[in-house]
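Quick note: the coordinates plus some simple rules give every number you see, no bench work behind them. No experiment lies behind these values; they were computed from the predicted model shown. Positions of Cβ are generated from backbone atoms using ideal geometry, with glycine treated the same way; all protein chains shown enter the neighbour counts.
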Amino acid sequence: MSFIPNTAADRDRMLEAIGVSAVGDLFRDVPQEHRFPRLELLPAVSEQEILKELDDLARRNADCGHTPCFLGAGAYHHFIPSVVDFVVSRSEFYTAYTPYQPEISQGTLQAIFEYQSMIARLTGMEVSNASHYDGATSTAEAVIMALNVGQHQRKRVVLSPGVHPHYREVVRTYTQGMGLQVTGDEKPDAGPDQTAGLCDSSTACVVVQSPDFFGRIIAPSALEDLAKKVHACGALLVVAVNPISLGLLIPPGELGADVVVGEGQALGNAMAFGGPSLGFFAFRKDQIRRSSGRIAGESTDRAGSRGYVFTLSTREQHIRRDKATSNICTNQSLNALAAAAYLTSLGPRGLRRVAELCWHKAHYAAAGIARLPGFTVEPGEFFHEFVVRCPRGVAELNRRLYDRHGIIGGFDLVTQYPERKNCMLVCCTEMNSRDEIDRFVSALEEAGNE
Amino acid sequence: MEYRFDEKARYSKTHEWVRVEGGQAVIGISDYAQNKLSDVVFVELPALGKELRAGAACMVIESVKAAEEVFAPVSGAVVSRNEKLEKAPELVNKDPFGDGWLVKVTLSDPREVDSLLDVAAYRKLVETL
């Protein structure tokens with residue numbers, strides 16, 4: 001059976017139409033000796049043998065399941081209850097696609113609606129969309145929404161230097177060519193006050209992160225203050241958060257944020273080499289028509305029964321074309337479902353417990369490291385990540401930690417912030433046992449002082 | 001299909017109407033336009049003071065099946081908005097020439113009104129559609 005639908009006669013007619021006598025002539029630009037190179041492939045092996053080989057290769061990776069890990073910087077190692085994988089693996093849910101037909105998608109739509117309800121409660125906001133790709137796209141979409149709210153008359157976007165470097169990069173990629181001034185992160189040490197000082201009547205939004213990229217928490221009173229200053233300029237305040245931290249901290253929605261965004265991976269999604277992931281996006285109801293992404297809504301059918309639909313679609317590209325509020329007409333359904341299953345299985349008390357464990361373990365580790373000669377922990381309130389000034393380069397330290405002690409060290413900040421030489425961003429979650437932390441501290445001492 | 005028309009209004013080819021009342025121009029969309037849009041669910045009115053330019057898009061009307069731009073039939077600054085539409089956008093369907101008006105503007109060039117279609121010409125235009 002032929003899988004190529006056109007016949008030899010069809011092909012001849014096509015060649016004639018374009019004035020070429022043989023198919024081979026189309027490849028004339030590829031040198032003869034490279035057209036059909038001899039492929040030096042190994043002899044074929046059995047499935048059993050190939051699985052063994054792939055397994056051997058996979059074992060050469062240092063994975064968090066078998067290696068103590070103190071690396072965070074945006075992707076976090078958390079315990080994922082088995083029920084999460086069970087729910088997302090059900091065939092009814094097992095598609096990455098956002099459904100278009102409510103008639104055959106009630107389960108998926110309800111799951112998205114439940115996800116939105118949880119994110120809205122967690123962030124202290126009124127509405128959540130069905131999710132974006134990751135924390136970076138959510139942040140960039142929040143900036144676009146603020147530009148829409150300002151009817152594109154406001155051309156300035158203020159970014160705090162504490163916002164994840166990747167998120168800031170994506171904001172710049174998204175907005176290039178729009179004639180905007182994206183500023184605020186030139187001085188790496190600018191705090192909330194300095195960030196607020198950059199907000200003026202031409203500013204569409206101010207974006208901050210708490211806990212920020214360095215793990216530091218912006219105090220609730222400082223965030224409230226910032227919100228007042230931003231609103232006095234007629235701009236929006238966008239706050240990026242770590243959702244796990246909201247088990248313990250006051251949600252930004254209660255402190256005056258207009259949009260709350262963030263990376264949702266920590267909620268029941270594996271780190272998986274950096275993705276796929278999800279970005280959450282929550283906001284206030286009065287801006288719903290300027291918001292991005294898809295929104296599942298609850299409705300009633302003709303018989304009065306509860307049903308779910310995608311709502312407010314007039315914002316989206318398939319209806320509003322070039323005037324759409326966003327280029328994104330999809331979501332990360334399966335990842336959002338995992339987040340919803342995770343939050344459901346933990347409940348409010350479980351989430352608080354996870355957040356407490358993260359906080360306590362990170363503070364236990366920081367206290368241990370602060371006692372080491374040559375190491376200092378940067379001061380300030382933090383959640384589960386903190387900056388350590390080390391006696392030597394972090395890349396070298398990390399190599400020693402791994403080679404001699406089998407430990408994955410923290411993030412080397414100099415790779416993103418050139419002025420932060422010898423600075424390691426250390427992360428602890430509920431996955432780091434006390435014994436692991438003790439070993440990490442003594443390994444650091446050894447590696448730092450030889 | 002029988003459409004309603006307002007004898008006193010002038011019309012644009014893109015189905016907006018203008019009625020001059022006491023030096024101000026009231027702007028709305030025609031019965032034909034509301035009928036084609038079907039049930040209106042949201043009207044995004046321009047801000048007070050905004051300068052509208054004749055022929056340029058000045059607001060968006062959303063219905064259950066579409067989101068369409070409204071083009072300003074005349075130039076002028078917005079002095080009044082039909083705030084009732086926020087709670088009751090269906091007024092655009094029910095009474096397009098009355099309670100369903102959109103904005104009032106101060107005319108920056110009254111001659112623009114004369115260049116618009118009169119009701120007879122607009123009626124003829126609708127009949128050909």
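Scan segment B:44-62 for residues that are within 22 Å of B:ALA77 (Cα to Cα), within 11 Å of chain A (Cβ to nearest Cβ) and in contact with a strand residue (DSSP E or B) (Cβ under 6 Å, 6 or more places away or on another chain) and the total you get is 6. Checked against the criterion of being more than 22 Å from the chain's Cα centre (by Cα), among the aliphatic types (A, V, I, L, M) and under 30 Å from A:LEU401 (Cα atoms), the candidates A:ALA9, A:ALA58, A:ALA44, A:ALA75 yield just one match: A:ALA58. Of the strands (runs of 3 or more DSSP E) lying entirely inside segment A:148-240, the ones with 1 or more residues being crowded, with 22+ Cβ neighbours inside 10 Å and away from chain B (no Cβ under 14 Å) are found at A:156-159, A:203-209, A:236-240.
Condition check ((1) free of Cβ contacts under 8 Å to residues at least 60 places away in the same chain; (2) away from chain B (no Cβ under 14 Å); (3) buried (at least 22 other Cβ atoms within 10 Å of the Cβ); (4) under 24 Å from the mean Cα position of the chain (by Cα)) across all residues:
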residue: A:SER299; (1), (2), (3), (4): yes, no, no, no
residue: A:ALA303; (1), (2), (3), (4): yes, yes, no, no
residue: A:THR344; (1), (2), (3), (4): no, yes, no, yes
residue: A:TYR364; (1), (2), (3), (4): no, yes, no, no
residue: A:ALA367; (1), (2), (3), (4): yes, yes, no, no
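Somewhere in segment A:168-186, is a residue of a type in the set (Phe, Trp, Tyr), under 22 Å from A:PHE411 (Cβ atoms) and out of contact with any Cys (no Cβ under 9 Å at 6 or more places or on another chain)? Within segment A:168-186 (the criterion being of a type in the set (Phe, Trp, Tyr), under 22 Å from A:PHE411 (Cβ atoms) and out of contact with any Cys (no Cβ under 9 Å at 6 or more places or on another chain)), the answer is no, since none of the residues qualifies. If you go through segment B:1-20 and keep only what is part of a loop (DSSP other than H, G, I, E, B), hydrophobic (A, V, I, L, M, F, W, C) and surrounded by fewer than 22 Cβ atoms within 10 Å (Cβ to Cβ), you end up with B:MET1, B:PHE5. On inspection, B:GLU112 fails the criterion of being in a strand (DSSP E or B) and either within 14 Å of another protein chain (Cβ to nearest Cβ) or crowded, with 18+ Cβ neighbours inside 10 Å (or both). The number of residues in segment A:117-129 that are touching a Ser or Thr at 6+ places or on another chain (Cβ under 7 Å) and surrounded by 24 or more Cβ atoms within 10 Å (Cβ to Cβ) comes to 2.
Residues in segment A:437-450 include none that are on the phi < 0 side of the Ramachandran plot and part of a strand (DSSP E or B). Among residues of segment A:308-319 that are more than 11 Å from chain B (Cβ to nearest Cβ), those with a beta-carbon under 8 Å from a residue that is charged (D, E, K, R) and not in a helix (DSSP H, G or I) at least six positions away or on a different chain give the pairs A:TYR308/A:GLU298; A:PHE310/A:ARG294. Quickly run through segment A:320-329 and pick out the residues that are aliphatic (A, V, I, L, M) and within 12 Å of chain B (Cβ to nearest Cβ). Across segment A:320-329, the qualifying residue is only A:ALA324. Evaluating B:LYS36 against the criteria (1) away from every other protein chain (no Cβ under 11 Å); (2) of a type in the set (D, E, K, R); (3) part of a strand (DSSP E or B) leaves one unmet condition, (3).
All conditions in (1) closer than 22 Å to B:GLU112 by Cβ; (2) within 14 Å of another protein chain (Cβ to nearest Cβ) hold for B:ALA66, with the sole exception of (1).
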